[in-house]
Amino acid sequence: ATMLRGESPTAEDLFLQTQYNNRTAGPAKLATTFAADATYRYRSPRLNIAATLFVATVANEQHVIHYYDDLAGLYTNGVISDGRRAHFGLDATADILWSQHLSSTFALTATRNRFTRDSNVALYDDTTNDLLSLSRAAMEGYNTGMPELALYGDIALRHSGWLARLGLSYWGARYVEPSFVRRT
């Protein structure tokens, strides 16, 4: 399966401050997403397995952030634009029927989520809309802030209309939330 989509920015990402400011955050661009995946399925009366390889790239997104700049002593609106990110990985699931009353489900998602191009960062004074700074955030190669490994497993007992399920989940591998604006 493949997908190509263009998406316009939301109002929160199109204006510097939607509550009281009419200034746009720059020319409106469509964020472009391309995605593709391939799935393999195996089915039997006691075992169902599915494995999907996927890739997705997102380009030309625009986001507006609001924060208090300690160094300038101002409330600031930041426009993050023209970055690109890529996501690729594997999703796998297995449903196992151990007996008439006992079953299990297992799932695994392993991904790589990276910025593949640096983003432009424009900082504006919140009250006067003056441009304070124009720079590039060195994000290329960094994680996008999503867990890269997710695991799930459970065992379920069904009998006489009752269901008891014990499940374990794990989300992890090293990840951090990116910051486009460096602070002190």
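The values are calculated or read from the model by the stated rules, or taken from the named source; none is laboratory data. Quick caveat, the model's predicted, so the values are computed rather than measured. A quick note on method: Cβ atoms are made from the backbone with ideal geometry, for glycine too, and the neighbour counts reach across all protein chains shown. The accessibility values were calculated without ligands, DNA or RNA, using every heavy atom of the protein model including side chains. Shrake-Rupley method; radii C 1.70, N 1.55, O 1.52, S 1.80 Å.
Observations
- Output for segment 1-17, where each listed residue is assigned to a loop (DSSP other than H, G, I, E, B) and open to solvent by less than 60 Å² (accessible area, probe 1.4 Å): Pro9, Leu16, Gln17
- Neighbours by Cβ (under 9 Å, 6+ apart or cross-chain): first from segment 11-29, farther than 10 Å from Asn129 by Cα; second surrounded by fewer than 13 Cβ atoms within 10 Å (Cβ to Cβ) and modelled with pLDDT under 80: Phe15/Asn22
- In segment 134-184, the residue that is modelled with the lowest pLDDT out of those that are loosely packed, with under 14 Cβ neighbours inside 10 Å, over 30 Å from Ser99 (Cα atoms) and among the aliphatic types (A, V, I, L, M) is Val176.
- Every residue from segment 111-131 that is open to solvent by less than 80 Å² (accessible area, probe 1.4 Å) and either acidic (Asp, Glu) or in contact with an Asp or Glu (Cβ under 7 Å, 6 or more places away or on another chain) (or both): Thr111, Asn113, Phe115, Thr116, Arg117, Asp118, Ser119, Asn120, Tyr124, Asp125, Asp126
- Residue in segment 83-92 that is aromatic (Phe, Trp, Tyr) and over 20 Å from Ala31 (Cα atoms) present: no
- Within segment 43-84, the residues that satisfy the criterion of being open to solvent by 40 Å² or more (accessible area, probe 1.4 Å) and under 19 Å from the mean Cα position of the chain (by Cα) are Leu53, Phe54, Val55, Thr57, Asn60, Glu61, His63, Ile65, Arg84.
- Residues located in segment 27-42, provided they are open to solvent by 40 Å² or more (accessible area, probe 1.4 Å) and either under 21 Å from Phe180 (Cβ atoms) or touching a Gly at 6+ places or on another chain (Cβ under 9 Å) (or both): Pro27, Ala28, Lys29, Leu30, Thr32
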